[in-house]
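*Asks:* This is the structure, below, for whatever I ask next.
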Amino acid sequence: MVARALGSGAQVSGSGTPVPAVRAQLWAARDAALLHIASHVGALGRWRTLHMADGDVDPAEMVQRGIAPRIAVLASCGSAAAMDEEGWGSIAAALLESGTAVVIATDRSVGDQASLTLMRDFYAQRDWRADPGRALARVQQALDARAAGSDDEATKARTWAAFSALARPPVVLEDSDTNQPQ
């Protein structure tokens, strides 16, 4: 589904593909336009860890290696949840600290099928690349609107509300006229 949204240049690995999702691929995506991860997120002490085929990756290692795609979509359970008091032990926070502009992530567990439904609808939005937060919000509104007549888990607020768009502050250019002494 993600490969279709991205076109022929997408590099896909992991379950259902002949190429395992390994740490080297994560390092290679450090400055990609999009990094989409649908991997298990576990806990190790105060940190969340991203499970890869060849070992776990923790937030500190992601920051150290400068993993900073322009957009990161973490369709993984609890990818925005931190276990430390400061809130920096999450995979989402590590990507923001490294310089990722926008991270779509979850604050709790979400079923695979419900996540797939939401992700399919997200990538169907024409502007997901330009304004991922707004695209996610439209998907969540549409799922909520369908909730009354649906048994689909994705339409339940407990599911779609688990996804958030987290972003770095925008760059604000100084206005040269307002910085002049009066």
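The values are calculated or read from the model by the stated rules, or taken from the named source; none is laboratory data. Just so we're clear, the structure is a prediction, and the values are computed from it rather than from any experiment. Cβ atoms come from the backbone with ideal geometry, glycine included; neighbour counts cover every protein chain shown. These accessible areas exclude ligands, DNA and RNA; they are computed on the full protein's heavy atoms, side chains included. Shrake-Rupley method; radii C 1.70, N 1.55, O 1.52, S 1.80 Å.
*Asks:* At 10 °C and 1.306 mPa s, grab the translational diffusion coefficient of segment 111-182 from Stokes-Einstein with a Kirkwood Rh over Cα pairs, rounded to a whole number in µm² per second.
*Replies:* Details: Rh = 14.2 Å.
For the chosen part, D equals 112 µm²/s.
*Asks:* When the Karplus curve 6.51 cos²θ - 1.76 cosθ + 1.60 is applied with θ = phi - 60°, which whole-Hz ³J(HN,Hα) does each residue of segment 82-91 get, with x for Gly and Pro?
*Replies:* Listing the rounded values in order: 10, 9, 8, 4, 7, x, 9, x, 9, 5 Hz.
*Asks:* Taking H as built 1.01 Å from N, whose amide H comes closer than 5 Å to the amide H of V73, not counting residues under 5 places away?
*Replies:* Amide H neighbours of V73, under 5 Å, 5+ apart: L35, H36, I37, I104.
*Asks:* Please report the relative contact order for the chain, taking Cα pairs under 8 Å with a sequence separation of at least 6, and give it as a percent rounded to a whole number. Kindly include the intermediate steps, with their values, before the conclusion.
*Replies:* Working: 311 pairs, mean separation 31.5, N = 182.
RCO, the chain: 17 percent.
*Asks:* Here's something else I'd like to know. Defining a contact as two alpha carbons under 8 Å apart and six or more residues distant in sequence, what relative contact order in percent does segment 81-182 show?
*Replies:* 32 percent
*Asks:* Give me the net charge for the shell around A167: Cβ to Cβ below 12 angstrom, other residues only, Lys and Arg +1, Asp and Glu -1. Let's see the in-between values first.
*Replies:* Values: positive: R70, R134, R168; negative: D131.
That sum, taken over residues with Cβ under 12 Å, equals +2.
*Asks:* With Rg/Rh (Cα atoms, Kirkwood Rh) defined as stated, name the option among (1) 1.02; (2) 0.99; (3) 1.72 computed from the structure displayed.
*Replies:* (1)
*Asks:* Quick one: pull the percentage of alpha-carbon pairs in segment 49-146 with a separation above 19 Å.
*Replies:* When every Cα pair of segment 49-146 is considered, 45 percent fall beyond 19 Å.
*Asks:* Here's something else I'd like to know. Apply the Debye scattering formula to segment 1-105, with a single equal point scatterer on each alpha-carbon and no solvent, then give log10 I(q)/I(0) at q = 0.10, 0.13, 0.19 Å⁻¹.
*Replies:* -0.24, -0.41, -0.90
*Asks:* Which residue, A165, A81, A142, tops the fluctuation ranking in a GNM of the chain built on C-alpha contacts under 10 Å?
*Replies:* Among A165, A81, A142, the largest GNM mean-square fluctuation belongs to A142.
*Asks:* Taking the Cβ of A154 as the centre, find all other residues whose Cβ is under 13 Å away and add up their charges (Lys, Arg: +1; Asp, Glu: -1).
*Replies:* Details: positive: R120, R146, K156, R158; negative: D112, D121, D144, D151, D152, E153.
For residues surrounding A154, the net value is -2.
*Asks:* Shifting gears a bit: Could you compute how much accessible surface T159 exposes when probed at 1.4 Å, giving the result in Å² to the nearest 10?
*Replies:* 10 Å²
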